Amino acid sequence: MAASTPSEQNAKPKLSAPKNNVWLIALCATLLAFGALFMTWQLTQTIQYKSQTFDAALDLLNEQQTAYEARLEDQYLSTQKAQATWQHKLDTLSTSLETTRKEYNNLSDDWRLSKARHLLELAAINAHWGNDKDTTVAMLREADTILAPIHNPKLIAVREGLAHDLTEQLGAPTTDMTALLTQLGAIQARTFHLPVAPIPTEATPDTRPEKSNRMDIFTQFLKNLVVIRYNTETLDPKPTLAYKAMLRATVRLNLQEAAWAILERNDAVYHVALAQAITNIEHTFSSEATSTQALIQQIKQLDTAQLHADSIMPDQALTALNHLLSTPAPAEQDGEHAL
């Protein structure tokens with residue numbers, strides 16, 4: 001084998017340099033490829049994770065939407081059912097009202113007339129047997145209110161009679177019982193301060209025998225010796241507290257009897273009790289005192305009051321209504337009521 005020349009030996013290192021560069025480039029390319037592959041794998045994992053999270057959120061939203069739709073469906077069905085129920089009730093009420101209206105239109109006014117006559121009869125009874133004028137007026141007004149909706153020309157006489165009866169009842173004179181009782185109470189209180197008269201004493205008759213001439217001579221002789229004086233004044237006994245209380249209680253008892261007569265509206269007992277009170281005051285208390293005279297005048301003024309006035313009978317409207325009800329109705333009207 002021939003020996004190599006120096007030029008050939010210098011050329012061999014030049015051929016090995018490109019081979020080393022190729023291996024280096026290949027290694028870098030491989031590393032780059034592995035890095036790109038790793039980054040691609042990591043990016044793929046991230047995208048898959050986010051996709052899974054998004055799918056889970058989407059599934060949750062779908063479930064919630066389904067639940068909301070089911071709830072809305074239930075509410076809609078409940079609303080439809082309630083609406084149907086209320087509509088049925090409303091239809092039933094409308095039917096009932098229509099039936100009631102037709103029945104009311106077909107009813108006659110006989111019950112109003114009967115009720116009004118009953119009230120007028122009660123008003124007449126109350127005016128005859130009682131003294132409560134307000135109750136009588138209230139009954140008459142209630143009867144007028146019941147007859148007001150009836151549009152019947154035949155009721156004009158009844159309504160006019162009611163107006164006449166009401167006017168008479170309202171214009172009737174009345175006695176203020178409260179004022180009388182108050183004045184009697186004030187009079188009883190004033191009896192505690194009236195001065196009591198002294199106890200009356202009976203005059204003792206002179207039972208001395210007639211003086212004889214001998215007695216006259218003896219008396220004339222004594223006059224010359226002794227001065228005799230005769231005192232004509234009497235010693236009146238003073239009334240005790242029990243006696244005064246008894247006298248005042250008697251007067252107050254008469255006044256209380258008059259108060260009871262006011263409550264019972266008994267004129268006879270009222271006037272008799274006041275007359276006895278005046279008599280007892282004149283005999284019990286000092287008649288010369290100003291307070292006693294003023295009290296007697298006040299009792300006399302109370303004695304002029306009348307407790308029970310003549311009753312005014314509200315019979316004009318009742319008579320007209322009885323005449324209307326007793327009159328037979330025409331055949332045409334009977335036919336209309338029958339229809």
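The values are calculated or read from the model by the stated rules, or taken from the named source; none is laboratory data. Predicted model only: the values in this text are computed from it and were never measured. So basically every Cβ, Gly included, is an ideal-geometry build from the backbone, and we count neighbours across all protein chains shown.
Of the residues making up segment 293-323, those that are of a type in the set (S, T, N, Q), surrounded by fewer than 13 Cβ atoms within 10 Å (Cβ to Cβ) and at pLDDT below 85 are Thr304, Gln306. Here Gln297 meets the list (1) assigned to a helix (DSSP H, G or I); (2) touching a residue at least 40 places away in the same chain (Cβ under 8 Å) almost entirely, failing just condition (2).
Count of segment 134-158 residues, restricted to those that are assigned to a helix (DSSP H, G or I) and more than 30 Å from Thr174 (Cβ to Cβ), is 4. Beta carbons closer than 9 Å, at least 6 apart along the sequence or on distinct chains, pair a first residue in segment 185-196 that is among the aromatic types (Phe, Trp, Tyr) with a second that is modelled with pLDDT under 85 and part of a helix (DSSP H, G or I) for Phe192/Arg248. If you take the residues in segment 237-264 that are at pLDDT 80 or above and charged (D, E, K, R), which one is nearest to Ala186 (Cα to Cα)? Among residues in segment 237-264 that are at pLDDT 80 or above and charged (D, E, K, R), the one nearest to Ala186 (Cα to Cα) is Arg252. Among the residues making up segment 243-280, those that are assigned to a helix (DSSP H, G or I) and among the basic types (Lys, Arg) are Lys244, Arg248, Arg252. Criterion first (in a loop (DSSP other than H, G, I, E, B) and modelled with pLDDT under 50) does Ala2 satisfy it? Yes; evaluated as a whole, the condition is true for this residue.
Pairs linking a residue in segment 156-169 that is in contact (Cβ under 8 Å) with a residue 24 or more places away in the chain and in the same structural domain as Thr136 (by TED's automatic domain parsing) to a residue that is in a helix (DSSP H, G or I) and among the β-branched types (Val, Ile, Thr), with Cβ atoms under 8 Å and 6 or more positions apart or on different chains, are Gly161/Thr319; Leu166/Val137; Gln169/Thr136; Gln169/Val137.
Does segment 281-292 contain any residue that is modelled with pLDDT under 85, crowded, with 16+ Cβ neighbours inside 10 Å, outside any helix (DSSP H, G or I) and in contact with a His (Cβ under 8 Å, 6 or more places away or on another chain)? Checking segment 281-292: not a single residue is modelled with pLDDT under 85, crowded, with 16+ Cβ neighbours inside 10 Å, outside any helix (DSSP H, G or I) and in contact with a His (Cβ under 8 Å, 6 or more places away or on another chain).
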